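Colleague: Below is the structure I would like to discuss, written out as C-alpha cells.
The values are calculated or read from the model by the stated rules, or taken from the named source; none is laboratory data. Please read these numbers as outputs of a predicted model, since none were measured by experiment. Glycine gets a Cβ as well: all are built from the backbone with ideal geometry, and neighbour counts include every protein chain shown.
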Protein chains: 2
Amino acid sequence: MKLKVYADRMSQPSRAVIIFCKFNGIEFEEIKVDLAKRQQLSAEFKEINPMGKVPAIVDGRFKLFESHAILIYLACAFPGVADHWYPADLSRRAKIHSVLDWHHSNLRSGAAAFVLNTVLAPALGLPLNPKAAAQGEKLLSSSLSRIESFWLKGNGRFLLGGFQPSIADLSMVCEIMQLEVLDEKDYSRILGPHKRVQQWIEDTRNATRPHFDEVHNILYKLKTKLALQRPVQANSEMESNTKKLLPSKM
Amino acid sequence: MKLKVYADRMSQPSRAVIIFCKFNGIEFEEIKVDLAKRQQLSAEFKEINPMGKVPAIVDGRFKLFESHAILIYLACAFPGVADHWYPADLSRRAKIHSVLDWHHSNLRSGAAAFVLNTVLAPALGLPLNPKAAAQGEKLLSSSLSRIESFWLKGNGRFLLGGFQPSIADLSMVCEIMQLEVLDEKDYSRILGPHKRVQQWIEDTRNATRPHFDEVHNILYKLKTKLALQRPVQANSEMESNTKKLLPSKM
C-alpha cells in the first residue's frame, strides 16, 4: 500500500515533506487537509493525527506526525534516499538533531508568530497582534543571524558545512519561504541583511528543483494576490526589492 | 578522555542528561555552568555552546547542545545503554522523535512560560508577567491532558505504551518536575486533575532511582526555601496537598 501524506501546501512543514518525497522518488498519495476549511480539526483527520496538525503520514498500518520525525522516518524507511539527507554517521546525525531541535524554539517560533500577526490572522478569524508580531520579529531576526553566523559556517553551502542538503536544510528553508507572503517592506527589512541566508535558500531551491518551485507555487500565487491588494506604491517598491533580493526566478 | 557534561541542575534538560548518564553508567565529568551567575553567557562557555544554553556536552573533540540531540547521541554512542531508552526499531524510534518534537512547542513551551512568570522571573531580574503566565498555564494544562489522553495510552506505564522508560519519558518528566517550585495552590490546580501523569512521574522516578531524587535534590531544597518564604496558611495547605498528590517520598 502506497505511503499517504496528509498535508496542506500552505503549511511550511507540509511542503518540506512533499518536496522530500518527490525529490527522492518516494511514491506517495497526497491527501489534502484544507486548513482554511479547518479540516485538520475534523473527526476523520483526528483519527490520523489526534493533535489536529499537518503534515501526518500513514505507511501501511503505521501513523506518524511531526514533520521532523516524518522526514527522519522517510529517510530511514525508504532505501533510495541518499545518505546526505540524514547521515548514518553518528556525529553528523547528532548535529542534524541539534539544529532541528534548535529550529523549534527559534526560527519556527519567530517566523510563525510574525507571519501570523502581520498577514495570516484575519484569514483565520483572528485579530492582528502588533506586540506578538514585534516579539516574533525579534526572535526571527536573531534566528536568521544565528543561522548565518553559526549554522551556515563551514566549507559547504548548506547547514553544518554540508556540500549537499540534509533534512534540516529543507525544513528550515521551507520555514523561511513563508516570508514570501509578507509585504515587501517587512520582507526586505527582515531578510535583506542576511545575504548568506538568501544564497542558502537559492542553493536549496537549486538542489531540489523542479520540485521546490512546484510545491511552493501555491505560496507564489498567494504572494501575487496579496501584492495586488496592496497600494500601488507598495507594489512598485516590492518589484524593485524583489529584483534586488532574489536575482533568480521565483 | 572522559565525556564532559556542562550543566546546571536548576535546568530541567540538564537534569535529564545527568540522570541518563548516571543511570546508564556513563562516566562523565559534570561541569557546572551557573545560570544564576549568567555563566552560560560567558565567552568561555560560548566556546562550548555559542547559543549560551545548558546542557551541552564535549565528547573528545565533538561538541553538542540541545538536550534531545544529546540524549539520542549518548544512547547511540555508549554501548551499555539498554535499547528501551532509544529503540533501534524504526517505528518505535520514529514515535519517540514525534513525542520529543511535540514536547518542544507544547509541554516545554507551556511549563517554561508559566514557571518563569509566576516564580522565577524576579531571580533573573525580570518582571512577573501575569498575561504570559495565563497563556503558559493554558498550554501547560492542555499539554498535560494530551499526555494523559494520548501519549500515555497503551499497555505499559510509560509513553507510547512502553514497559520501560525512553529518553522521552525522562525528558518530559524532568520538565514537569520544575512545577515543584510553584506554590501549592498553583501546583494542585495544574497537576491535581492529572492522576495518570502523577503516576507516570512516580514510575519514572522509581525506574531511575536513586539518581532521579539525587539530581532533583536542588529543586526539593528550593521548594522548601520558597515554601518557608510564603505565608503560614499557604504552608499548611502545601503540606496537606503534597501528601495527597505525592504519596511517596519526594
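Colleague: Within segment A:93-109, how many residues are at the interface with chain B (Cβ under 7 Å from one of its Cβ atoms) and over 13 Å from A:PHE150 (Cβ atoms)?
Modeller: 5
Colleague: If I ask for residues that are crowded, with 20+ Cβ neighbours inside 10 Å and among the aliphatic types (A, V, I, L, M), which ones from segment A:1-25 would you list?
Modeller: Selection gives A:VAL5, A:ALA7, A:ALA16, A:VAL17, A:ILE18, A:ILE19.
Colleague: Separate question: With respect to B:THR204, is the statement that it is at pLDDT 95 or above, in the same structural domain as B:TRP151 (by TED's automatic domain parsing) and among the hydroxyl-bearing types (Ser, Thr, Tyr) true? Don't jump to the end; show me each part of the working.
Modeller: Numbers: at pLDDT 95 or above: yes; in the same structural domain as B:TRP151 (by TED's automatic domain parsing): yes; among the hydroxyl-bearing types (Ser, Thr, Tyr): yes.
For B:THR204, the condition - at pLDDT 95 or above, in the same structural domain as B:TRP151 (by TED's automatic domain parsing) and among the hydroxyl-bearing types (Ser, Thr, Tyr) - is met.
Colleague: Then there's this: Going by what's in this entry, would B:VAL17 be described as in contact with a Pro (Cβ under 7 Å, 6 or more places away or on another chain), away from chain A (no Cβ under 11 Å) and either over 25 Å from B:ILE201 (Cα atoms) or at pLDDT 95 or above (or both)? Break it down into steps so the answer makes sense when it comes.
Modeller: On the way: in contact with a Pro (Cβ under 7 Å, 6 or more places away or on another chain): yes; away from chain A (no Cβ under 11 Å): yes; either over 25 Å from B:ILE201 (Cα atoms) or at pLDDT 95 or above (or both): yes.
When the stated conditions are applied, B:VAL17 passes them.
Colleague: Which of (1) in the same structural domain as B:ASP169 (by TED's automatic domain parsing); (2) farther than 30 Å from B:PRO122 by Cα; (3) buried (at least 22 other Cβ atoms within 10 Å of the Cβ) does B:TRP102 not meet, given it meets every other one?
Modeller: (2)
Colleague: What helices (runs of 4 or more DSSP H), lying completely within segment B:1-97, carry at least 2 residues that are within 20 Å of B:ASN217 (Cα to Cα) and outside the structural domain of B:ALA111 (by TED's automatic domain parsing)?
Modeller: It comes to B:12-23.
Colleague: Still on this structure, I have one more. Six or more apart or on different chains, Cβ atoms under 7 Å: show the pairs whose first residue is in segment A:107-125 and basic (Lys, Arg) and whose second is crowded, with 18+ Cβ neighbours inside 10 Å.
Modeller: A:ARG108/A:GLU175
Colleague: Among the residues of segment B:153-198, what is the count of those that are buried (at least 19 other Cβ atoms within 10 Å of the Cβ), over 17 Å from the mean Cα position of the chain (by Cα) and within 14 Å of chain A (Cβ to nearest Cβ)?
Modeller: The total comes to 1.
Colleague: Exactly one condition in (1) within 25 Å of A:SER105 (Cα to Cα); (2) more than 13 Å from chain A (Cβ to nearest Cβ); (3) more than 20 Å from the chain's Cα centre (by Cα); (4) not basic (Lys, Arg) is not met by B:PHE62; state its number.
Modeller: (2)
Colleague: I need the full set of residues from segment A:68-92 which are at the interface with chain B (Cβ under 8 Å from one of its Cβ atoms) and either free of Cβ contacts under 8 Å to residues at least 12 places away in the same chain or among the small types (Gly, Ala, Ser) (or both), in order please.
Modeller: Matches in segment A:68-92: A:ALA69, A:CYS76, A:ALA77, A:LEU90, A:SER91.
Colleague: Counting just the residues of segment B:50-59 that are surrounded by fewer than 24 Cβ atoms within 10 Å (Cβ to Cβ) and of a type in the set (A, V, I, L, M, F, W, C), which one comes out farthest from B:LEU35 (Cα to Cα)? So that I can check it myself, show each step before the final result.
Modeller: First, pick out the residues of segment B:50-59 that are surrounded by fewer than 24 Cβ atoms within 10 Å (Cβ to Cβ): B:50-53, B:58-59.
When the remaining residues are screened for being of a type in the set (A, V, I, L, M, F, W, C), the result is B:51, B:58.
On the way: B:MET51: 14, B:VAL58: 19 Å.
Top of the filtered list is B:VAL58.
Colleague: If you don't mind, there's one more thing I want to ask. Residue pairs, Cβ under 6 Å, 6 or more apart or interchain, first in segment A:132-144 and free of Cβ contacts under 8 Å to residues at least 24 places away in the same chain, second crowded, with 19+ Cβ neighbours inside 10 Å. List them.
Modeller: So the pair list comes out as A:ALA132/A:ALA113; A:ALA132/A:ASN117; A:ALA133/A:PHE114; A:ALA133/A:ASN117; A:ALA133/A:THR118.
Colleague: Tally time: how many residues in segment A:60-91 are acidic (Asp, Glu) and surrounded by fewer than 22 Cβ atoms within 10 Å (Cβ to Cβ)?
Modeller: So in segment A:60-91, the residues acidic (Asp, Glu) come out as A:66, A:83, A:89.
If we keep only those that are surrounded by fewer than 22 Cβ atoms within 10 Å (Cβ to Cβ) as well, we get A:83, A:89.
Qualifying residue count for the region: 2.
Colleague: Against the definition (part of a helix (DSSP H, G or I) and under 18 Å from the mean Cα position of the chain (by Cα)), how does B:ALA121 come out, yes or no? Working first, answer last.
Modeller: Working: part of a helix (DSSP H, G or I): yes; under 18 Å from the mean Cα position of the chain (by Cα): no.
No, not satisfied.
Colleague: Continuing with the same structure: Within segment A:124-143, can you find the residues that are among the small types (Gly, Ala, Ser) and outside any helix (DSSP H, G or I)? If you could, list the steps in order and put the result at the bottom.
Modeller: First, pick out the residues of segment A:124-143 that are among the small types (Gly, Ala, Ser): A:125, A:132-134, A:136, A:141-143.
Within segment A:124-143, A:GLY125 is the sole residue that qualifies.
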